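Scroll down for the structure; my scribbles are underneath it.
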Amino acid sequence: MPDDNNSGGNNNQPDGDSNDKFEDQVELILAEFGDEIEIDPPNWRTAGVNAIYRSRGVLVRDHDAPRAVDLFGGGNARRSSLGVTRLNLPDAVPADAPDGDGFTEIQRLLAYADRRFGRGYVTPEHLFYVCSVSPCPATEPEEVLEGALPDPFLTEVGNADGHGVKVVVLDVGWTPAPSAPWLNGVSGDPEVAFDPVTKLIRPYAGHGTFIAGVVRAIAPQAEVVVKSYFNKAGAVFEADLADRLAEVMDEDPDIISLSAGSTTRFDVPSMALDTFTRPRQGSADGPVLVAAAGNDGTDQRFWPAAYPEAVSVGALAADGTSRAPFSNYGSWVDVYAPGENLVNAFLTGRYKCTERPNAGRFRDFAGMAQWSGTSFATPLVAGLIAARMSLTGERPKQAANALLAFSHRRVLPAVGPVLLPDDAQASTDS
């Protein structure tokens, strides 16, 4: 019978100076969501974050929902579109629910379900967040010199240009960038980029624009659509994300680029995304999900990147020979690509830093920025898949598998398989 320890053993606690940045990034999420969320454990500032989840709700599969309602003695159930029910918990905690030092009510209820049914039968509803602002040592956007060009940027792509390939980016939305011609033709949902009171660039803003720019820097003719699914603190609850992923299928994408995710309680796969990822991504045809491995600097699995059906992308350091210190790693990460100090399209305006040691400082942007994170290694790989598809005529999963096979010919010690910006053409060579 499982124990009632809610820690799950993730311990995503940064070391040294990064602890201040870690706290600042979590505080940003807390400021937006308030008592809608809980952080497990409550003493996360010293113990590290195991998971962030909705404070009064759990998830259960539709066919198990009646048993869960009976177990908890009530609750308001609402089904999602993917076979998962969101159950708002009753106020009363069953008298025989386990107790523990520092347990919150939802943790007691989750432990109660673990005892009765086993772990994973009932799960918290995790909060998924965009990777450049997750609790990790990745950077805020940084200024670049006037006239800076995208880096990386391919000037000669031949037929490996992504023509006829559709890439859907799930992010915070996007802002058109007239001074970035490589973004011409990109479409999507507009983001709320500026604070209506201060007129400053909001935290998380520009993330989708930058990602679209990275795709286009590798596959300049790919059709890129940016969706605004992470428009509150760069985060969304997993059941809402699963519903929106189902909607994305109506867009008929070839590639889905997702620079967001989360660790989970006890490292159990996300229940809501499991219902989307496994049946759809496990088939031979259909779109490829390319997902960021996360920026916590640990080997703890980050979902949905950790699904075998996804292409999980970690970040190379700027030197090109080592893993970026912020990048997650482990056997579940499929490939590493450049993800540190990338330069691409951003917003025009003033930004106030929120993370120590730069908190309170202003940065002025003129349409370009430098940024680091697995968030940006991910669209580079998505762009490579699009580029190879247009060159070879392969289907999305064929192209992705071919590139991953090629990456195993370039394995860096202490890193793993690597893909570089011009590998769409190189991978077709015998």
Q: Could you please find all residues in the stretch 42-51 being in contact with a helix residue (DSSP H, G or I) (Cβ under 7 Å, 6 or more places away or on another chain) and either among the aliphatic types (A, V, I, L, M) or open to solvent by 20 Å² or more (accessible area, probe 1.4 Å) (or both)?
A: Arg45, Val49, Ala51
Q) Which number in (1) modelled with pLDDT of 95 or more; (2) not in a helix (DSSP H, G or I) marks the one condition that Glu355 misses? A) (1)
Q: Among the residues of the stretch 197-232, write down those that are open to solvent by 30 Å² or more (accessible area, probe 1.4 Å), over 19 Å from Ala382 (Cα atoms) and touching a strand residue (DSSP E or B) at 6+ places or on another chain (Cβ under 7 Å).
A: Leu200, Arg202, Asn231
Q) Counting just the residues of the stretch 84-136 that are modelled with pLDDT of 90 or more, open to solvent by 10 Å² or more (accessible area, probe 1.4 Å) and in a loop (DSSP other than H, G, I, E, B), which one comes out farthest from Ala369 (Cα to Cα)? A) Gly118
Q | Conditions (1) open to solvent by less than 20 Å² (accessible area, probe 1.4 Å); (2) more than 16 Å from Val168 (Cβ to Cβ); (3) not β-branched (Val, Ile, Thr); number of the one not met by Ala414 | A | (1)
Q. Can you tell me how many residues in the stretch 398-408 are touching a Pro at 6+ places or on another chain (Cβ under 9 Å) and either buried (at least 24 other Cβ atoms within 10 Å of the Cβ) or at pLDDT below 95 (or both)?
A. 0
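To keep it simple, each residue is scored yes or no on (1) assigned to a loop (DSSP other than H, G, I, E, B); (2) on the phi < 0 side of the Ramachandran plot; (3) in contact with a strand residue (DSSP E or B) (Cβ under 9 Å, 6 or more places away or on another chain); (4) at pLDDT 95 or above.
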residue	(1), (2), (3), (4)
Gln370	no, yes, yes, yes
Phe376	no, yes, yes, yes
Pro379	no, yes, yes, yes
Gly383	no, yes, yes, yes
Ser390	no, yes, no, yes
Glu394	yes, yes, no, yes
Pro417	no, yes, yes, yes
Pro421	yes, yes, yes, yes
Thr428	yes, yes, no, no
Q: Name the residue, out of Thr139, Thr175, that is open to solvent by less than 60 Å² (accessible area, probe 1.4 Å) and either over 20 Å from Asn295 (Cα atoms) or at pLDDT 95 or above (or both).
A: Thr175
Q) Counting residues that are farther than 27 Å from Asp151 by Cβ, which helices (runs of 4 or more DSSP H) fully inside the stretch 173-281 reach at least 1? A) 238-248, 271-281
Q) If only one of Ala235, Ala317 is open to solvent by less than 10 Å² (accessible area, probe 1.4 Å), under 30 Å from Pro152 (Cβ atoms) and among the hydrophobic types (A, V, I, L, M, F, W, C), which one is it? A) Ala235
Q) Which of the following residues is modelled with pLDDT of 90 or more and under 14 Å from the mean Cα position of the chain (by Cα): Ser322, Ser259? A) Ser259
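The values are calculated or read from the model by the stated rules, or taken from the named source; none is laboratory data. Bear in mind that the values here come from a model prediction, so they are computed numbers and not experimental data. Note that we place each Cβ from the backbone using ideal geometry, even for glycine, and neighbour counts take in every protein chain shown. Ligands, DNA and RNA are excluded from the accessible area calculation, which covers all protein heavy atoms including side chains. Shrake-Rupley method; radii C 1.70, N 1.55, O 1.52, S 1.80 Å.
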